Amino acid sequence: MDQVSVTQQDGEQSGQISSWRDFQDRFRAAMAMAATLACDLTMVDTDFVHWPLGERSVMEALHQWSLLAKGTHCQLLAAHYEAFPRQHPRWVAWRGTWAHRVKCWEAPDELAAGLVPMLVVHDCIGLRLNEPLHGAGIWTRDKGVLRTWLSEVDVNLQRSHEAMPPTTLGL
């Protein structure tokens, strides 16, 4: 999928996500878009194992975002981060450099099972999987919907705690 798939086309404000592969393609395109914008990023999933966070194209987009978007932040909310070092080693290394702007939050057990996989590039685009098992969901550019999604995440963040220290020494 190319970037046209997440940019406004013929007035489209939203659409369907049909599978995890479709989500991953749209995620890559959204990250390429984020690399050109000064915006906050929010990502949610139970474990992020299906996300292409460590791929070179995504890492390049995150690097460009971090250089361009001074004063912006990225936050992740997960049930746990056990697989991160194994699944996304490039991302973990990048995060070590940018830990002052990239926060990882862990949801308490009672909220963890209800986490809905989601990416929000603030005020631009959002991806949300309502059926994580099959990867089915929606994408939208509707700012009202994006604000609603972020409000839902904020409720969970208020009950969560910081996780995944940026260094192994915990410094």
Is it fair to say residue 41 is closer than 28 Å to residue 158 by Cα, at pLDDT 95 or above and in contact with a Phe, Trp or Tyr (Cβ under 6 Å, 6 or more places away or on another chain)? no
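Residues checked against (1) open to solvent by 30 Å² or more (accessible area, probe 1.4 Å); (2) more than 23 Å from residue 38 (Cβ to Cβ); (3) among the polar types (S, T, N, Q):
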residue	(1), (2), (3)
83	no, yes, no
88	no, yes, no
91	no, no, no
97	yes, no, yes
101	no, no, no
104	no, no, no
108	no, yes, no
112	no, yes, no
116	yes, yes, no
Return yes or no: is residue 59 open to solvent by less than 40 Å² (accessible area, probe 1.4 Å), over 23 Å from residue 150 (Cβ atoms), modelled with pLDDT of 95 or more and of a type outside the set (Gly, Ala, Ser)? yes
Are there any helices (runs of 4 or more DSSP H) wholly within segment 65-122 with 3 or more residues that are farther than 21 Å from residue 31 by Cα, and if so which? 109-112
Could you tell me whether segment 15-32 includes any residue that is farther than 15 Å from residue 128 by Cα and at pLDDT below 95? no
Can you find even one residue in segment 86-103 that is modelled with pLDDT of 95 or more, of a type in the set (Ser, Thr, Tyr), more than 17 Å from residue 129 (Cβ to Cβ) and out of contact with any Phe, Trp or Tyr (no Cβ under 7 Å at 6 or more places or on another chain)? no
Given the conditions (1) in a strand (DSSP E or B); (2) surrounded by 17 or more Cβ atoms within 10 Å (Cβ to Cβ); (3) of a type in the set (A, V, I, L, M), which single one is not true for residue 138? (2)
Considering only segment 23-49, state which residues are farther than 23 Å from residue 164 by Cα, more than 11 Å from the chain's Cα centre (by Cα) and among the charged types (D, E, K, R). 25, 26
Picking from 72, 42, which residue would you name as being under 21 Å from residue 124 (Cα atoms), surrounded by 18 or more Cβ atoms within 10 Å (Cβ to Cβ) and β-branched (Val, Ile, Thr)? 42
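The values are calculated or read from the model by the stated rules, or taken from the named source; none is laboratory data. All of these numbers come straight from a predicted model, not from anything done at the bench. Cβ sites come from the backbone with ideal geometry, for glycine too, and all protein chains shown count toward neighbours. In case anyone asks, the SASA skips ligands and DNA or RNA and just uses the protein heavy atoms, side chains included. Shrake-Rupley method; radii C 1.70, N 1.55, O 1.52, S 1.80 Å.
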